[in-house]
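All remarks here apply to the structure that follows.
The values are calculated or read from the model by the stated rules, or taken from the named source; none is laboratory data. Computed from a predicted model, the values in this text were never measured in an experiment. Methodologically, a virtual Cβ is constructed for each residue, glycine included, from the backbone with ideal geometry; neighbour enumeration extends over all protein chains shown.
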Amino acid sequence: MKVQEVIKKDVIKVKRSTSLRSLLNLFKGFHSLPLITVVDDKEHLIGVVYFANLLEILKTQEAKFLKNIPFVEIDEDAFDLEPAPSMGELILVDDIMDIDFLSLKEDMVLKEAYSIMRLQDKDQLPVVDEENRLLGIIGIFDIVWRMFQEKGIV
């Protein structure tokens, strides 16, 4: 079985110019931690936004600098910070998206996709075609569910 047979095609996708406020409004409709895909005008996948990217916005510059220094711990609570309301319009997806990300090809075998996701510790990954156009997202649970279906359990 191939990845293209299991993907969810109804995904959140945004442009680089999407504001933080708009992005947060897209996130709030989900009960789990969604993966937001960033596409260009031709639907090519150019980046992703994870929940962790949003939390990074709330860190102080000092905490961002010190996070790469071994044995240094920063005790910073996001509830104690006071971000400016204007951040909602001033910060864009382009400022926070990951451009170094993993995606899966649509014709990949499910077992291989499952192995990659486990190895990379990813719950969800975007799926693209040969031209890197976004087709959808696959989650580790989608693969496990299909496995249970094939075994006749569900």
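Residues that are out of contact with any strand residue (DSSP E or B) (no Cβ under 6 Å at 6 or more places or on another chain) and either surrounded by fewer than 18 Cβ atoms within 10 Å (Cβ to Cβ) or charged (D, E, K, R) (or both) were ranked within the stretch 35-53; the one that is nearest to residue 97 (Cα to Cα) is 53.
Test residue 102 against the stated conditions and say whether it is buried (at least 16 other Cβ atoms within 10 Å of the Cβ) and within 20 Å of residue 11 (Cα to Cα). Here the answer is no, as residue 102 does not meet what is asked. Residues in the stretch 1-22 that are at pLDDT 90 or above and closer than 15 Å to residue 96 by Cβ: 14, 15, 16, 17, 18, 19, 20, 21, 22.
Can you tell me which residues in the stretch 108-135 are closer than 22 Å to residue 97 by Cβ, buried (at least 19 other Cβ atoms within 10 Å of the Cβ) and touching a residue at least 40 places away in the same chain (Cβ under 8 Å)? Within the stretch 108-135, 124, 125, 126, 127, 128, 134, 135 qualify.
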